[in-house]
Amino acid sequence: MKRIPACQRQAHHALKNGLNIFWKFSKEIDHQMPIINFKNPVFHCLIFVLFLSVYSCNNTENKSEAENQDITISDLPDPLEAGWNGASVCEVFEENDEVRVLKCTFPPGVGHERHYHDPHIGYTIAGGRFRITDSTGTREVEVPTGSKFSKDKVSVHEVLNIGETTAEFLIIEMKQ
């Protein structure tokens, strides 16, 4: 019997969990809009699930940003523990033995204190304009609705919503 590589098993589990998350998320939004519509959040979520299944094979050979910055991760909060001026910005959307999904909400003027992320992928439910400070410096970026992002190693950053709209993100962390 041929053994399935760990990376492919991870992709299978990511796809299975992603479809469960997609199903849960799709129940919470307007079903009047056709699924195959670029403006429909369910369509964005479906594309994200496909992205999740492909991304789950992580490249772990590179040094993490934390190692490059000589940061001790134990000194920093994870995204759920981190907040802004004492208030939480993330909540657990879904969690099981294989994945933790956070939903993070940033009204204008609200950010996320310096924190670390384990390898993860993210999906932008509602975009906005952010000031991001990480190992490369500080920059301002426009994060469009429906965009996807990922890190295949531990990363550290701080963000601030400098736009005029509330931004929302899903952060998916694979447990290993």
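Which residues, taken from segment 110-131, are farther than 20 Å from Glu173 by Cα and aliphatic (A, V, I, L, M)?
Within segment 110-131, Val110 is the sole residue that qualifies.
(1) under 23 Å from Glu94 (Cα atoms); (2) assigned to a strand (DSSP E or B); (3) among the hydroxyl-bearing types (Ser, Thr, Tyr): which one isn't true of Thr138, the others all being true?
Only one criterion in (1) under 23 Å from Glu94 (Cα atoms); (2) assigned to a strand (DSSP E or B); (3) among the hydroxyl-bearing types (Ser, Thr, Tyr) is unmet by Thr138, namely (1).
For segment 158-176, give me the residue count where each residue is outside any loop (DSSP other than H, G, I, E, B) and either touching a helix residue (DSSP H, G or I) at 6+ places or on another chain (Cβ under 8 Å) or surrounded by fewer than 19 Cβ atoms within 10 Å (Cβ to Cβ) (or both).
Of the residues in segment 158-176, 5 are outside any loop (DSSP other than H, G, I, E, B) and either touching a helix residue (DSSP H, G or I) at 6+ places or on another chain (Cβ under 8 Å) or surrounded by fewer than 19 Cβ atoms within 10 Å (Cβ to Cβ) (or both).
Looking only at segment 141-157, filter to residues that are assigned to a strand (DSSP E or B) and of a type outside the set (Val, Ile, Thr); which one of those is nearest to Pro107 (Cα to Cα)?
The selected residue is Glu142.
Tally time: how many residues in segment 97-129 are outside any strand (DSSP E or B) and at negative phi?
The total comes to 8.
What are the residues in segment 105-114 that are at pLDDT below 95 and buried (at least 21 other Cβ atoms within 10 Å of the Cβ), if any?
Within segment 105-114, His112 is the sole residue that qualifies.
Being without any contact (Cβ under 8 Å) to a residue 24 or more places away in the chain, surrounded by 18 or more Cβ atoms within 10 Å (Cβ to Cβ) and assigned to a strand (DSSP E or B) is the filter here; which residues of segment 72-96 pass it?
none
Does segment 119-129 contain at least one residue that is in the same structural domain as Ala82 (by TED's automatic domain parsing) and surrounded by fewer than 17 Cβ atoms within 10 Å (Cβ to Cβ)?
There is at least one residue in segment 119-129 that is in the same structural domain as Ala82 (by TED's automatic domain parsing) and surrounded by fewer than 17 Cβ atoms within 10 Å (Cβ to Cβ).
The values are calculated or read from the model by the stated rules, or taken from the named source; none is laboratory data. Note that the coordinates shown come from a computational prediction; the quantities given were computed from them, not determined experimentally. Neighbour counts run over all protein chains shown; Cβ positions are idealised from the backbone, glycine included.
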